[in-house]
Structures are given as C-alpha cells and as structure tokens.
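Here the structure comes first, spelled out in structure tokens, and everything after it is commentary.
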Amino acid sequence: MTLSGKTALITGGTRGIGLAIAKKFAEHGAKLVLLAAHGGERAEAAVSELQKIGAEVGFYVCDVSDAAQVSETVTKVLADFGTVDILVNNAGITRDNLLPSLDTVDIDDVIDINLKGTIFMTQALIRTFVKKRSGVIINLSSVVGMMGNKGQTNYAASKAGVIGFTKSVAKEYGRRNIRCNAIAPGYIATDMTAALSEEMTAELTKQLPIGRLGQPEDVANLALFLAGDCAGYITGEVIKVDGGMYI
Ligand code: NDP
C-alpha cells in the first residue's frame, strides 16, 4: 500500500487522530499539508516529527469554520504544492452539556467547526478533484453520530450531519472518480477524551468487547486503507473503529 506521489491535506493534523493519520500517510510516502487552528510549538513539533520520517510537510493556520479563510488557505496550498489528492476532514471539537444548559455558542461552534468546516474544505477542493478526475475524501464522523449520546446533542447532530454530507458527496462525484467515505471512531485516547475521569474510562472500557480504549493509530490504519487504491470501489461508506462499542 503506497501513497507515493500523493499529497494529503489533513485538517487538525497537528495532534491526536489527525497527527496519527499524518504519520501513517508519511510512512507510506505521501506529502503532507497540515491545517490547524493554532500554530506555535505544538505545530512545529508535529512538522519536525513528520520531517524526521522523511516527509515533505507544509503547515497552515486555518480556522475551518471560516469559509473565506478556507478558500484563501486552499489557494495558497495549491500554489505551494501544485495539487491535493487526498482530503482528510478531521478537525473537530466537543462542547458537551445537557440540552437545557447548552449555550448558543456551544451549538454554533460545534456545528460550525465539525459540520460546516467539513463542507467548506470539501467545497474548496472539489473543483481541483473534478478537473483531474480523481480525489479521495475522508471525513471524521463518530459512533455518537450514529447512536446518539446524552450530553452530546450538539456534537451528535454535527457528526450525523457529516454522514449525510459524506453520502451525498459520494453520489454527486462518484462518476468523476472521487470517493468520499466517513470514519466513525468510538472512544480514542486523545486530548478530546482526556477530560474523562479514570472511573469513567474504566467503566467505558468494561463495556467494550475489545476491552481497551482505541489509539489514534487504530483510526489511522483505516484512513490509510481508505486513502489508497485498495479501497478503489468503496464510496459513501461509514466505517466504525470502535472496539465493538456500537454493534
Ligand atoms: P483533538 O482534540 O485531539 O484535536 C482536534 C484537532 O482539531 C486539533 O488539531 C485542532 O487544532 C483542530 N481544530 C479544532 N478546531 C479547529 C478549527 N476551527 N479549525 C481548524 N482546526 C481545528 O481531537 P481528536 O484527535 O480526538 O479528534 C479528531 C477528530 O475525530 C474530530 O473530528 C473528532 O470529533 C473525531 N472523533 C474523535 C473521537 C475520540 O474519541 N477522540 C471519537 C470520535 C470522533 P489545534 O491543535 O490548533 O487546536
């Protein structure tokens, strides 16, 4: 499985699942374009880690919820890298609370980043993919978008939206040789889930058939498969990486 000669753009690529996908792609020969909300030390560390693997890496600060910033950034990326072959819409946030306590800003931010950010990024690159009649889009949804979760109404709605978007893009662009799939992770050990208490983590782990929390690399392995030619006949799918959490 090789991504040699391919350029992959990964949003939220400087930590967690995004960084694991970046590493996996780098190990398989891809050039990398990382986008994140913040620059600074973390971004620099991610870039140098990937360069050590031998990858050509570009980093751009871009708020994916801002359509104008997305469009400007993609224009810059295309000028710097020539093209993009693989888009991974990974940037995401949670703002958990019970429904009556959710502020409007908690609803807006989650929908704007998780769902609208995915739409804006795809919109900004779709003409490039159409022109060359090839492209791969991988969207990070969540099992919560399929099964719901108390305390996560805003997040679950955003991730269910990502699934509807994924299937629609797959139908709209399949004929142009553009594939679009979603990954639905369960609980993966990243900053996003670090806020869970040890007790809650132990309780959750007990309920998982595989008996452990997922690691970012578990998700990256599927992203690698979906990005490559082995997945050439797979589009519009939502694939869980959840240790059996939602069967
Ligand atoms: P992290 O919280 O570890 O990282 C989130 C990334 O998204 C960061 O790189 C962050 O950038 C970036 N980001 C946040 N807001 C924006 C924005 N407005 N514009 C651009 N980038 C932004 O998340 P995970 O790695 O855990 O999650 C990655 C994806 O997987 C998310 O979509 C998440 O919803 C999904 N997922 C995660 C699960 C889990 O258990 N961890 C389970 C199911 C789905 P910066 O570093 O600059 O802040």
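The values are calculated or read from the model by the stated rules, or taken from the named source; none is laboratory data. For clarity, every value in this text was computed on a predicted model and none was experimentally measured. Neighbour counts run over all protein chains shown; Cβ positions are idealised from the backbone, glycine included.
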Quiz item: Going by the structure shown, is Ala124 among the small types (Gly, Ala, Ser), under 25 Å from Arg15 (Cβ atoms) and outside any helix (DSSP H, G or I)?
Solution: no
Quiz item: Can you name the residue in the stretch 181-197 that is exposed (fewer than 12 other Cβ atoms within 10 Å of the Cβ) and at pLDDT 90 or above and is also nearest to the ligand (Cβ to nearest atom) among such residues?
Solution: Asp191
Quiz item: What about Ile53, is it within 20 Å of the chain's Cα centre (by Cα) and either farther than 15 Å from Gln123 by Cβ or at pLDDT below 95 (or both)?
Solution: no
Quiz item: Pick from the stretch 152-199 the residues that are hydroxyl-bearing (Ser, Thr, Tyr) and part of a helix (DSSP H, G or I): which of them is farthest from Ile17 (Cα to Cα)?
Solution: Tyr173
Quiz prompt | Ile119 being in contact with a Gly (Cβ under 8 Å, 6 or more places away or on another chain), crowded, with 17+ Cβ neighbours inside 10 Å and either modelled with pLDDT of 95 or more or more than 20 Å from Thr190 (Cα to Cα) (or both) | solution = no
Exercise. Look through Asp85, Asp108 and report the one residue that is surrounded by fewer than 16 Cβ atoms within 10 Å (Cβ to Cβ), of a type in the set (Asp, Glu) and over 23 Å from Tyr187 (Cα atoms).
Key: Asp108
